[in-house]
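Visitor: Please find one structure pasted underneath; my questions will follow.
The values are calculated or read from the model by the stated rules, or taken from the named source; none is laboratory data. If you're wondering where the values come from, they're calculated on a predicted model, not measured in any experiment. Positions of Cβ are backbone-derived with ideal geometry, glycine not excepted, and every protein chain shown enters the neighbour counts. Please note that ligands, DNA and RNA were not included when accessible areas were found on the heavy atoms of the full protein model with its side chains. Shrake-Rupley method; radii C 1.70, N 1.55, O 1.52, S 1.80 Å.
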Amino acid sequence: SRAQAMQVESSPDVSYEDIGGLEEQLVEVREAVEEPLLNAQQFADVGIEPPSGVLLHGPPGTGKTMLAKAVANETDATFIKMAGSELVRKFIGEGARLVRDLFELASERQPAIIFIDEIDAIAAKRTESKTSGDAEVQRTMMQLLSEMDGFDDRGEIRIIAATNRFDMLDRAILRPGRFDRLIEVPNPDIEGRERILEIHTEEMNLADDVDLAAFAAETEGLSGAEIASLTTEAGMFAIRDDRTVVEQADFHDALAKIDQDEETGSQPVA
Ligand code: ATP
C-alpha cells in the first residue's frame with residue numbers, strides 16, 4: 001500500500017545545525033529548494049522557473065537524507081520519502097502507480113518535499129544495470145519523468161533525489177526541467193569531521209583529555225555516518241569498562257574496531 005511504500009513526516013526533526021560540514025551544499029540546497037518554497041512570488045516577479053529537481057550525489061552516509069529532511073523542517077514542508085530500491089524490489093508491478101500516488105500525496109500535503117533515495121534503482125542507463133532493461137522499471141522511470149515534466153502547475157512541491165551511483169544514471173533524468181541542479185555531497189574534510197564529532201558528542205559525557213580536533217585528523221576517508229557510529233562505539237567502550245566518562249582512548253579503540261570490522265568484512269552500524 002501507499003503507506004508502506006512512502007515514509008511521510010509532517011516536519012522532520014533535523015535542522016541545519018545538525019549537519020556537519022557541507023556549508024556550500026547547504027547554500028545550494030537552500031537556494032534551489034527553500035527559496036522557491038518561501039518566495040514563490042519573487043520567482044514569478046522575476047519571471048523565471050525555479051529549478052525543478054535537485055540531485056544529491058556522493059558516497060553513502062554523507063548526509064544527503066539529512067539535507068533533504070532539514071530543508072523540509074526549515075520550510076515547514078511535508079517530507080515524503082520513497083526509496084528507489086524498494087520500488088523495484090518490493091512493489092513489483094506497482095512502480096508507476098506509486099510514483100503517481102507520490103505526486104498526488106505531495107500535492108494534497110503541500111508545501112511538500114519529495115525525496116527519492118537511490119534514484120539509480122529506477123533511473124539507471126540501460127547498459128549498466130540488469131534491472132533497468134526491465135520494462136517495469138522503465139515504466140516507473142517514464143512515470144517519474146512525466147510527473148516532473150508536468151510540474152509547473154503543481155504549486156509548492158520540490159523534488160530532491162539522491163544517489164551513490166551518479167555514473168550509472170540515465171542522462172534523460174538530468175535534462176533541463178528535470179534533475180537540473182546537481183549537488184555533490186562528498187565525504188567530510190577535516191573541519192567537517194571535527195564538526196560532525198562535536199555534533200554527535202554533544203550529549204556525551206567527555207573526559208577532559210578528549211581532543212576532537214586531533215581525532216578528526218585520524219579519521220580521514222570516513223563518512224559522516226561512520227563518524228557518528230564511532231562516537232557511539234566510543235561510549236560502548238566506556239560502558240564495557242564500567243565508566244560514565246568517555247576518554248580519548250575510547251575513541252581510539254572505536255576506530256581500531258571499525259578498521260578491524262572492515263578487514264573482516266562486517267558492516268559498521270550506520
Ligand atoms: P545513504 O546514501 O546511505 O542513504 P545519506 O548520504 O543519505 O546516506 P544520511 O542518511 O543523511 O546519509 O546520514 C546517515 C546518518 O549519519 C545521519 O543520520 C547522521 O547521524 C550521520 N551523518 C551523516 N552525515 C552527517 C553530517 N554531515 N553531519 C552530521 N551527521 C551526519
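Visitor: What relative contact order, as a whole-number percentage, does the range 49-186 give when Cα pairs under 8 Å and 6 or more residues apart are counted?
Guide: 43
Visitor: Still on this model: Equivalent ellipsoid semi-axes for the chain, as square roots of 5 times the alpha carbon gyration tensor eigenvalues: give them largest first, rounded to whole Å.
Guide: 37, 22, 16
Visitor: Report for the chain the percent antiparallel among DSSP-assigned beta bridges with both residues inside it, nearest 5.
Guide: Roughly 20 percent of the DSSP beta bridges within the chain come out antiparallel.
Visitor: Applying 1/(1 + (r/R0)^6) with R0 = 22 Å to the Cβ-Cβ distance of residue 232 and residue 191, what FRET efficiency is obtained, to the nearest 0.05? Intermediate results must be reported in sequence, preceding the final value.
Guide: On the way: r = 22 Å, r/R0 = 1.00.
So, using R0 = 22 Å, E works out to roughly 0.50.
Visitor: Give, as a single signed number, the net charge of other residues whose beta carbon lies under 9 Å from the beta carbon of residue 258, with Lys and Arg counted +1 and Asp and Glu -1. Can you show the working numbers first?
Guide: Values: positive: 257; negative: 226, 233, 259, 261, 262.
Overall, the nearby charge balance is -4.
Visitor: A follow-up question, please. How many angstrom lie between the Cα centre of the range 76-127 and the Cα centre of the range 203-254?
Guide: The distance from the Cα centre of the range 76-127 to that of the range 203-254 comes to 37 Å.
Visitor: In whole percent, and with a 1.4 Å probe on the protein chains, what portion of the accessible area of the chain is carbon and sulfur?
Guide: That fraction is 47 percent.
Visitor: On the first, second and third principal axes, largest extent first, how far apart are the outermost C-alpha atoms of the range 42-83 in Å?
Guide: Dimensions of the range 42-83 along the principal axes of its Cα atoms: 38, 22, 17 Å.
Visitor: Nearest 0.05, what FRET efficiency do residue 44 and residue 97 give at R0 = 30 Å with Cβ-Cβ as r?
Guide: The formula returns an efficiency of 0.40 here.
Visitor: Okay, moving on. Using a Debye calculation, one point per C-alpha and no hydration shell, please list log10 I(q)/I(0) for the range 1-115 at q = 0.16, 0.18, 0.19, 0.23 Å⁻¹ in order.
Guide: Results for the range 1-115 at q = 0.16, 0.18, 0.19, 0.23 Å⁻¹ read -0.81, -1.00, -1.08, -1.35.
Visitor: Once the piece of chain linking residue 241 and residue 142 is laid out straight, how much longer is it, given 0.36 nm per residue of separation minus the C-alpha distance between them?
Guide: Between residue 241 and residue 142, full extension yields 30.0 nm more.
Visitor: Please give the net charge around residue 73, taking every other residue with its beta carbon less than 10 angstrom from that of residue 73, where Lys and Arg add +1 and Asp and Glu add -1.
Guide: Values: positive: 69; negative: 9, 13, 18, 74, 76.
Result for the local shell: -4.
Visitor: Taking a temperature of 10 °C and a viscosity of 1.306 mPa s, what whole-number D in µm²/s does Stokes-Einstein yield for the range 77-127 with Rh from Kirkwood over alpha carbon pairs?
Guide: Once the numbers are plugged in, D ends up at 138 µm²/s.
Visitor: Rounded to the nearest whole Å², what accessible area per residue is found for the chain with the 1.4 Å probe?
Guide: 49
Visitor: For the range 160-270, evaluate the Debye formula with one uniform point scatterer on each Cα (no solvent term) and list log10 I(q)/I(0) at q = 0.13, 0.18 Å⁻¹, rounded to two decimals.
Guide: Here the Debye-derived log intensity ratios amount to -0.58, -0.88.
Visitor: If I model a spin label at residue 107 and residue 15 as a point 7 Å from the Cα along the Cα→Cβ vector, what separation in nanometres do I get?
Guide: Computed distance between label sites residue 107 and residue 15 equals 3.5 nm.
Visitor: May I have the pair-distance distribution P(r) for the range 64-221, computed from all Cα-Cα distances with 5 Å bins from 0 and rounded to whole percent?
Guide: 2, 8, 15, 17, 16, 12, 9, 8, 6, 4, 2, 0
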